[in-house]
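Just dropping this structure here.
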Amino acid sequence: MANQVSVEDKKVLRKMFFLSHLVFPAFNMVKMEAVGFTYTMEPAIESIYKDDPEGKKEAYLRHQAFFNTNAVPFAFIAGLAYAMEKQHKAGQVDGATIENVKASLMGPTAGMFDSLFFNTLRVIAAGIAIGLCSQGNFAGVILFILLYGVTQSICKYFLLNWGFTLGTSFIDKVFNSGLMDVLSKSASVLGLTMVGAMTATMVNVPLTWTINTGETSVVIKDVLDSIFPGLLGVILLFVLVHLIKKGWRPTKLILLVFIIAFVGAILHIF
């Protein structure tokens, strides 16, 4: 059954919404988003346990456990945790259940929303913004913030409130129906499709290497494109991803590409 939202609950949810935007400034490599989640839960904990010091202490410690997910469903889980903390105060839910629900939602929501926002919306917004900025149009910066940043904020607002109002009954229905697995897989496929599409349109290797055989000239790039259009861009992408997995930093990769491009231009390869 959905939770009824009182005036006090609305005030708490409003504060939680603003605090949820501070998750990454509080990020660390040990507990990742735990500090940010605890800070987001502070208005809820203070409201629920204002006359229960021991309960308040336990709640703060409970939310200091390791936690990490995408920033958007982060708000949904925080709203759900608020609803469960109220149930815990009423003796309907134990502390271990709150921790288990949070832990069980981390993986599925991270995979699904990373694909939707980080791998899809971010790439689309960046592609549009880069196109405008390359023409000296500052609107590209504003457009990126609106498409990627503001959209996330709006989604967080609604998800936070839905997490609180729907409560644990929604989670039970989603997992029991298998919908979470379907959504996660669909989002992953969509994200990979968009990354592939943006690679084909945005990654360009201007190879001009020409082989002269008698009176005939063969442009290597034309031969490769006739076999697999955009093959060089795909190869470059996979090489860079491989180096990232090996621990290379983005700045080092940019420097490597610059050196290769510089040397290639001198040798008239690019």
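The values are calculated or read from the model by the stated rules, or taken from the named source; none is laboratory data. Owing to the predicted nature of the structure, the values given are computational and were not obtained by experimental measurement. All Cβ positions, glycine included, derive from the backbone under ideal geometry; neighbour counts span all protein chains shown. Keep in mind that these areas ignore ligands, DNA and RNA; they rest on the heavy atoms of the full protein, side chains included. Shrake-Rupley method; radii C 1.70, N 1.55, O 1.52, S 1.80 Å.
Just to verify a number: FRET efficiency for Phe27 and Lys221, C-beta to C-beta distance, R0 = 35 Å, to 0.05?
The formula returns an efficiency of 0.25 here.
Scan region 1-79 for chymotrypsin sites (Phe, Trp or Tyr not before Pro) in coil per DSSP, keeping those whose Cβ has at most 11 other Cβ atoms within 10 Å, and list them by number.
For chymotrypsin sites (Phe, Trp or Tyr not before Pro) across region 1-79 that sit outside H, G, I, E and B with at most 11 neighbouring Cβ atoms in 10 Å, the list is empty.
Which angle between 0 and 90 degrees, to the nearest 10, do you get for helix 95-113 versus the longest principal axis of the chain when only C-alpha atoms count?
Value to nearest ten degrees: 20.
Restricting to DSSP H runs of at least four residues, report the calculated mean residue ellipticity at 222 nm for the chain, -39500 (n - 2.57) per run over all residues, nearest 500 deg cm²/dmol.
-22500 deg cm²/dmol
For the chain, what is the relative contact order in percent, using Cα pairs closer than 8 Å and at least 6 residues apart in sequence?
18
Let me ask another. Taking Kirkwood radius over Cα pairs in Å as the quantity of interest, determine which of (i) 18.9; (ii) 22.3; (iii) 21.8 was computed from the displayed structure.
It is the value labelled (iii).
Full extension from Phe66 to Glu46: what is 0.36 nm times the residue separation minus their Cα-Cα distance, to one decimal in nm?
Net length gain for the segment: 5.1 nm.
Restricted to Cα positions, what overall size does region 1-156 have along the principal axes? Three whole-Å values, descending.
Ordered largest first, region 1-156 gives principal extents of 60, 33, 30 Å.
Just how much of Ile211 is accessible, in Å², when a 1.4 Å probe is used and the result is rounded to the nearest 10?
Its accessible surface works out to 70 Å², give or take rounding.
Kindly flag which residue pairs out of Lys31/Lys57; Lys10/Lys50; Lys31/Lys56; Lys156/Lys252; Lys102/Lys252 have an alpha-carbon separation exceeding 25 Å in this structure.
Result: Lys156/Lys252; Lys102/Lys252 exceed 25 Å.
Using a Förster distance of 51 angstrom, determine the FRET efficiency expected from the C-beta separation of Tyr157 and Ile266, and round it to 0.05.
About 0.45, to the nearest 0.05.
Something else: Per-residue accessible area for His88 at 1.4 Å probe radius, Å² rounded to 10?
50
In Å and from the alpha-carbon atoms only, list the Rg and Dmax of region 8-100.
That works out to 12.3, 35 Å for Rg and Dmax.
If you don't mind, another one. For region 50-87 and region 253-270, compute the distance between their C-alpha centroids and round to whole Å.
51
Moving on. Looking at region 217-270, which trypsin sites (Lys or Arg not before Pro) are DSSP coil and have at most 11 other C-beta atoms within 10 Å of their C-beta?
Loop-located and lightly packed - Lys246.
Might you tell me the accessible area per residue for region 1-120, computed with a 1.4 Å probe and given in Å²?
On a per-residue basis, region 1-120 sits at 47 Å².
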